[in-house]
Structure formats: structure tokens, C-alpha cells
1. Helix-derived [θ] at 222 nm for the chain: sum -39500 (n - 2.57) over DSSP H runs of at least 4, divide by residue count, nearest 500?
2. In nm, give the distance between the simple-model label positions of THR54 and THR20, each being 7 Å from the Cα along the Cα-to-Cβ direction.
3. Would you pull out the residues with amide H under 5 Å of THR103's amide H, same chain only if 5 or more places away, H placed 1.01 Å from N?
4. Within the chain, which is the longest segment containing none of the GluC sites (Glu not before Pro) that sit in a DSSP loop and have at most 15 other Cβ atoms within 10 Å?
5. Taking the Cα centroid of segment 200-230 and of segment 234-277, what is the distance between the two, rounded to the nearest whole Å?
6. Please arrange VAL186, VAL203 by how many other C-beta atoms lie within 10 Å of their C-beta, fewest to most.
7. Pull up all non-local amide H partners of VAL93: gap of 5 or more, or a different chain, and H-to-H distance under 5 Å with H placed in the peptide plane.
8. Any idea which of SER157, VAL204, SER136 is furthest toward the positive side of the dipole for segment 106-207, if Lys and Arg beta-carbons carry +1 and Asp and Glu beta-carbons -1?
Amino acid sequence: MFSIGAATLGFLSRQADAQTSFRLGLTPVFLDNDSETIDRLRTSLSYAAGMPVTLVQKRTYQEVTGLLLEGGVDAAWLCGYPFLQHRDELSLVAVPLWQGAPTYRSYLITSAEDPASGLTDLRGGAHAFSDPNSNSGYLVTASDLARNNLRPEQFFSRIIFTYGHRNVVRAVAGGLVRSGSVDGYVWEALTKVEPELTDRTRVVSRSEPLGFPPFCARTDRIGEPDLAVFQAALLQMAESERGRDALTLLQLDGMIRGEVALFDGILTRMQDLAGHH
């Protein structure tokens, strides 16, 4: 964690007035809509890139992906699912490393006292998803059900979309729903910053490792100077003090360029879901 002084923010504000900002799209589905975290990330990225970075937040993956495709932002921190949905138009900019690897898992969670030992035990209960275009917060559970010729709306008594992984944990912890599908990285991060919340939940099952939510840009913009500078800043974050501060804030280890093959597991699940619909 680190603090940002008013003078620093003022300096960045004056920089932003002097030149065009690099616009990065985000959604609170993945990165919780916390103003302090957002401010710190923006400041660190601006310094690392040597240019002002503006964080543009949208409520859903559909909205932020649409904004990226329309040119409303220069890059976006997406999920592997929408990246693959628009693979013909999008390219990878960087993939974060978490616990030393560019992968994470989807967690199926219940309340701490729930006796369920797997997905089949949760039939007939209410379930929380994060976003219909989230891999860990929807696709993994939906494709697990599809492999057994089931749909979420048939299997669960009620489904809700919370549009935030932390909100899935809250819904389960608070008894609003029996179970939820959540990003394992977010759940693990919450155990460190909000243990009183995660202590009221339990991980019933974990998916196989899948490609971590990547930074993406339109393919026709790859090679543009500002995007190249931003990409270099991401890839070199672990090499500077401010970059390491941002990584620590996000509980990440670094960034790599990444290969599309990292997302093959998500593609398989997309095909499984489509094949049973």
C-alpha cells in the first residue's frame, strides 16, 4: 500500500490538461469500485507510462468491451471470455501474473456452514453470478452444468447477477443466496483485506487453471505509439518502485505479453456451453 499526496495528484492533473490521456477501460465486476484503489492504480500507471492515464469505468463487461471496440478507450482490462468472444478484433497487450503464473481459477462458494461438497449438492438453491460475460463468475459453472445437459436457470431455483465478484461473496456471506461463482483471485485477495467477509464463506470447488483476465486493445491499434508505451509500462511494472507498489496493491507479481493459447481452457468451456444450448 502507498499514499498519494495532493501535490502529486495536482501534478498529474496539470499533465492531463497539457496532453491527451491514455484511456484504460475497467469494470467493477473484476476490480471493485473503490475510489482509493482506483486513484492509486491510475497514479501508478501514469508514472510508469510517463503519460496521464485515465481510468474509465463501466458497470458490465459488455459495456466496457463495447467501449473498447468503438474506440472510446485505448485499452481495457477485460476477462478471457469477452476477449475470446471478440478474438477477431482484439489482441493481447499484457497478462498479469498471480502467484507466479498467468492463470487463476473459478471458485464455487457457499456459506461457511453449508454442507455441500460439490455443484450437484447445490441443486434447487439460489445462486449468484458476477456477470454473464465473466469466465470465473459465469462461464465455468454454466459450462459445468452444460456438460450434464443442464442450464443454470433449470438447476438453481433463482439466479442473480451482482456485477462484482466481491458482491458475489457478500451475497453468499449474507445469506441472500446459497452459492456463488467467483474469481478465485478476488476471493483470495479478500481473505487478506476483508477476512471477516470471506470467513463467512467456504470454497466448495475450484476449476482448473485458466488464463488470467488480460489487458486488451483493438488489433488495428497495436503498434500505435501511446499503446506501445502503455504496454511497455505494464510489462516493466515489476522493475520500478512505483510499479511494484501498484502490483502490491493489486496482489499481483508482474505482467507478461502472454499468448492466446493461455485461454484455450476458456475456449473449450465456451464451446461446451454453445454445444449444449
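Quick note: the coordinates plus some simple rules give every number you see, no bench work behind them. Keep in mind that what you see is a predicted model, and the values were worked out from it rather than measured. When we count neighbours, we look across all protein chains shown, and the Cβ atoms used for this are built from the backbone with ideal geometry, even at glycine.
1. -11500 deg cm²/dmol
2. According to this spin-label approximation, the distance is 1.1 nm.
3. Excluding prolines and chain starts, which carry no amide H, the hits are TRP98, PHE212.
4. Excluding the exposed sites themselves, the longest stretch runs over 114-258.
5. For segment 200-230 versus segment 234-277, the Cα centre distance is 4 Å.
6. The order, fewest Cβ neighbours first, is VAL203, VAL186.
7. Those qualifying (amide H under 5 Å, at least 5 residues apart or on another chain) are PHE215, CYS216, ALA217.
8. Of SER157, VAL204, SER136, it is SER157.
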